[in-house]
Structures are given as structure tokens and as C-alpha cells.
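The structure appears below as C-alpha cells.
Quick note: the coordinates plus some simple rules give every number you see, no bench work behind them. Just so it is clear, the structure is predicted and the values come from calculations on it, not from any experiment. When we count neighbours, we look across all protein chains shown, and the Cβ atoms used for this are built from the backbone with ideal geometry, even at glycine.
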Amino acid sequence: MKQKIIDILKEIRPEFDFTEKTDFIEQGMLDSFDIVSLVSSLDEEFGISIDGLDILPENFSGIESIIALLKKNGVK
Amino acid sequence: MNLIFRNKKISGLLTVLPKNEIKFEDEMDNYNFTVAQSLKLKKIMGYGSHRIVESGVTISDLCVYGLNYLFDQKLLKKEDIDAIVLVTQSPDYILPPTSNVIQGKLGLKKDMICLDINQGCAGYEIGLFQSFMLLDQPDINKVVLLNADVLSQKVSKRDRSNNPLIGDAASVTILEKSETDLTIYANIKMDGTAFDTVIIPAGGFKTPSSPATAEMTEDAEGNFRSLDQLCANGDKIFNFVQREVPPMIESLLEKAGITKDDVDYFMFHQPNKFTLTKLADKLQVPHEKVPSNILEFFGNSNGVSVPTSISFNLGDRLTKESLLICLAGFGVGLTWASLLLRMEYLSFNEIIYF
């Protein structure tokens, strides 16, 4: 799951290294339009629909928070 | 707040769209995106082409054009109009009310009511509420509800959050008393503490337009706009819609004693495809029951987006069939409102171009 997420992030913002442990939002690596693209790609990749209420910047601040979000939305 | 209306109906609907069409690809260079990002967002958000009036065209031009079309086609008689309710956020003048201007341009009778209402994204629902209330009066038998906006003139071309989606349009909805005993269920909520979520900061009496308010500045996401132009906080609006709209719809249907399966269509305001897809998923309603194509073909025209969607997606069907439709609008104010009504056998339901 982790590698798939990193691959999707790289596709959206190829100029950043998403393997680093940093806050993607605070560091300006993802803006609101990137989050929309990310949600769309994650929905498609994992066959889910992330709950609209969960589409908050803090849920996309790092790989671990994205994994937690996917698990909350039914990815095993 | 729950509302109930009885013995009222929509008898006709006409949408007026500008002929001038601008494609997303033609404006991509204005935005702070790579081409790949732009094309991906086009697909996800549903950007396509938007209809924008030519310089100098006002809402009264669109409304008068639409009403004259109905007079010429003998679909409406001037003397039958007892009230005009105009919902807009782009009036011809600060004063007088643009509904009076339209009355004058058309030479309508003086024994009538003209009302302007300042509302946007939920403007169709609020206009219907006001029109239904007027129809409770014994002397009012026919109300013309006009929804119209030309807000493209107040959007920065370099604002990637707002410019790709803005559209201009007008609609004419005819409302009458009905012999049927069908009940129309509705609800509405407002939250003025978040009034600045969607705002044009300057140009009113609080902050008059000046050379200073016309200066372009860049925001954190790379949009360029001035205080004289529309500023909508997309993140806040999205979160508000996902939080408030599903429970509003659930409550409406519960009050009416029906299930989502009973509803033929959910005709929602059209901010973008992503928001509407997430709403449909949250409500567990099939996507085909929640049309989300108005942004792609015409743009988001605020309070005109719902009637545009009805005209475009249902068209002639509503002149021949009876459909149970849930309407909902949400946005500027903040305001969110919904209605459940049966739309059937309309005299007309079409789109014309100005």
C-alpha cells in the first residue's frame, strides 16, 4: 500500500521526495488541488470512495496519515 | 427550518444561456498549473467550456430576452404575470431593483409585485420558497421566478479556483396554483458567521471600489485577484457541503416519508463534478441520479445551475412525464436549502441562446 501511495504522489508532484518523513502540507508539497487529484487517484487505485468528510489537509500530511485514511475508508 | 407548500406547481421552465463559449484549454495558460495538472483537474473537476456574456450584457438583457421568447411563442401572456421574483447577485444597478427594470422594459401591468432577492448558490430554492408564499395570496395566480447572474465579470482570469468554473445564465420559471393535493416539502439553513467564505470584498458600501481595491495580489495558492473580484474558499465550501448537505437531504426525505429510491433525480447545485460525486457517494445514490455535467458544458451559474441542469438533463421529458425530484442548493451565505417536489407535464422545458 505504501509504495502505491508514493507512486501516486510522485505522479502528482514529481519534483518532491515523498519518502522523506516531513509534513507534506506544511512544506507546501501538496496544495488543495493536489489533494483533489490524490483522492481521485486513491479512489481509483483502491476501489473505494474516500468519505468527503475525511478530505481534510491533516489526513494527507504524511504517508502514515494517508494509510490510516485508506484503512478508515475500507482498504485492508 | 422545515417548510411545507401545498397546491402549487411549476408549470414551465426556460433557461437562457450566452452564445459565447470559452473552452478550458483556451485559458489554461492563465493558471499556475502544469499542462498535465490542468488536464487531470479538467477530468476530475469536470471543467469543459463555460458560457460567458459579451461585455455590456446584463441580467435584465437575458431575462427580457427569455420572457419575450415566451410571449412570442405564446407560452406566457404578459397580463397573467402577477409577480416577478428575481434572484441575483449581479443586479443591473445597486438601486432600483432589477425586477422593476425588467417590468418596465417589458411593459408589464402596474398592478403587480416585483422583488429582488440577493442569493446565489441556493437561489433557486429560495426563489421557489418566496414564489410559493406569494401564491398563497388570493389575487396572485401566476409568479415568474427569474434566476440570473453574470458574475463572470467579477472573476479574475488568473484565478484558477474560480475562473474555469464560472458561468453566466438566466432562467425563467413559471409557478402557479395547482388543483392537485401534492405536498412540496422543503428545508433551509443559514450560517452568517461564515459570510466571508464566498465574497466579493469590495464594491459595496462597506468597502467602496477604489484604485487600491482594484490592485491584483497573489494568494497562497498562486491565484491572482483583486478585492473587487469574487473570492471563494474552495476548501471551506467543500467541507461545508460534505458536512451539511447529506443530513439535510436525509431529513427532507424522512419528513416526506419516502426513501432515496423513490426519488427520480437529485438536481443539485453544480459547483464541480468532484463535489457532486462525493455527495452522491455519501448519500449512497447512483451517480446517474445526480447529474454533474453542467460545469462541463456551461459553467457554474450560481442560482441558475439547478434550473439549467433540469432544462439540459430532463428537457422534453418533463413535458410528457411525472418525476419526483429533489432539488438542493448550497453555498454563499452560507446558505443551504432543499425541496422535494413532483415536476410533471410542464408546458415547456427548454434552453435558448442569447
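Can you run phi through the Karplus equation (6.51, -1.76, 1.60; θ = phi - 60°) for the stretch B:294-302 and list ³J(HN,Hα) in whole Hz, with x for Gly and Pro?
So the Karplus estimates, Gly and Pro as x, are 6, 4, 5, 9, 9, x, 8, 9, 6 Hz.
In the stretch B:68-144, what chymotrypsin sites (Phe, Trp or Tyr not before Pro) fall in a loop by DSSP, with at most 16 other Cβ atoms inside 10 Å? Numbers along the way, then the final one.
On the way: sites: B:Tyr69, B:Phe71, B:Tyr93, B:Tyr124, B:Phe129, B:Phe132; in loops: B:Tyr93.
Listed in order of number, the matching sites are B:Tyr93.
How large is the helix-only mean residue ellipticity at 222 nm for the protein assembly as shown, computed as the sum of -39500 (n - 2.57) over DSSP H runs with n ≥ 4, divided by its residue count, in deg cm²/dmol to the nearest 500?
Roughly -9000 deg cm²/dmol at 222 nm, from the helical runs in the protein assembly as shown.
Tell me the label-point distance for the pair B:Asp261, B:Asn7, using the 7 Å Cα-to-Cβ offset, in nm and rounded to one decimal.
About 3.5 nm, to one decimal.
Take the cross-link list B:Lys110/B:Lys154; B:Lys109/B:Lys177; B:Lys9/B:Lys189; B:Lys8/B:Lys255 and give me the ones stretching past 27 Å between alpha-carbons. Display every interim value, and only then the final one.
Numbers: B:Lys110/B:Lys154 33 Å; B:Lys109/B:Lys177 20 Å; B:Lys9/B:Lys189 23 Å; B:Lys8/B:Lys255 19 Å.
Check vs 27 Å cut-off fails for B:Lys110/B:Lys154.
Mind checking A:30-39 for the average number of partner chain beta-carbons within 10 Å of each residue's beta-carbon? Provide the component values of the computation, followed by the final result.
Details: counts 0, 5, 7, 14, 3, 2, 10, 7, 0, 3.
Across A:30-39, the average partner-chain Cβ count within 10 Å equals 5.
Between B:Asp191 and B:Tyr65, how many nm apart are label points set 7 Å from Cα along the C-beta direction?
With each label placed 7 Å out from Cα toward Cβ, I get 3.7 nm.
Using a 10 Å cut-off around each Cβ, can you sort A:Ser40, B:Ser311 from fewest to most neighbouring Cβ atoms? Don't jump to the answer; show the numbers that get you there.
Numbers: A:Ser40 20, B:Ser311 24.
In order of increasing Cβ crowding within 10 Å: A:Ser40, B:Ser311.
Could you give each residue of the stretch B:15-23 its phi-based ³J(HN,Hα) in whole Hz, using Karplus coefficients 6.51, -1.76, 1.60 with θ = phi - 60°, and x for Gly or Pro?
10, 10, 10, x, 5, 5, 10, 10, 8
Based on the alpha carbon coordinates of the stretch A:2-72, what radius of gyration and maximum Cα-Cα distance (Dmax) apply, in Å?
Gyration radius and largest Cα-Cα distance of the stretch A:2-72: 10.8, 29 Å.
Only counting other Cβ atoms within 10 Å, I'd like A:Glu15, B:Glu344 sorted with the fewest neighbours first. If you can, show how the numbers build up before the last one.
Working: A:Glu15 7, B:Glu344 18.
So the ranking, lowest neighbour count to highest, is A:Glu15, B:Glu344.
DSSP loop trypsin sites (Lys or Arg not before Pro) in the stretch B:108-168 with at most 10 other Cβ atoms within 10 Å of their Cβ, which ones? Kindly include the intermediate steps, with their values, before the conclusion.
Numbers: sites: B:Lys109, B:Lys110, B:Lys142, B:Lys154, B:Lys157, B:Arg158, B:Arg160; in loops: B:Lys109, B:Lys110, B:Lys157, B:Arg158, B:Arg160.
Taking the stretch B:108-168 and a limit of 10 other Cβ atoms within 10 Å, the loop trypsin sites (Lys or Arg not before Pro) found are B:Lys110.
Which net charge results when you count Lys and Arg as +1 and Asp and Glu as -1 among the other residues whose beta-carbon is under 11 Å from that of B:Phe268?
Value of the local net charge: 0.
Just grab the label-to-label distance for B:Leu39 and B:Lys320, each label 7 Å out from Cα along the Cβ direction, in nm (one decimal).
The answer from the label model is 4.0 nm.
Can you give me the long-range amide H partners of B:Ile351? Hydrogens built in the peptide plane at 1.01 Å from N, cutoff under 5 Å, separation of 5 or more residues or another chain.
So B:Ile351 has HN proximity to B:Thr15.
Dipole of the protein assembly as shown, Cα-centred, from +1 at each Lys and Arg C-beta and -1 at each Asp and Glu C-beta, to the nearest 20 debye? Walk me through the numbers before you get to the answer.
Working: 43 positive and 60 negative charges, 154 e Å.
Using Cβ point charges on Lys, Arg, Asp and Glu, the protein assembly as shown gives about 740 debye.
So what is the relative contact order of chain B, in percent, for Cα pairs below 8 Å that sit 6 or more residues apart?
Values: 795 pairs, mean separation 96.3, N = 354.
So the answer I get is 27 percent.
Looking at the stretch A:1-48, which trypsin sites (Lys or Arg not before Pro) are in a loop (DSSP not H, G, I, E or B) and have at most 16 other Cβ atoms within 10 Å?
Answer in residue order: A:Lys21.
Would you mind giving the three semi-axes, in whole Å and largest first, of the ellipsoid equivalent to the protein assembly as shown according to its Cα gyration tensor?
38, 26, 18
Sorted from fewest to most neighbouring beta carbons within 10 Å, what does the list B:Ser178, B:Ser161 look like?
B:Ser178, B:Ser161
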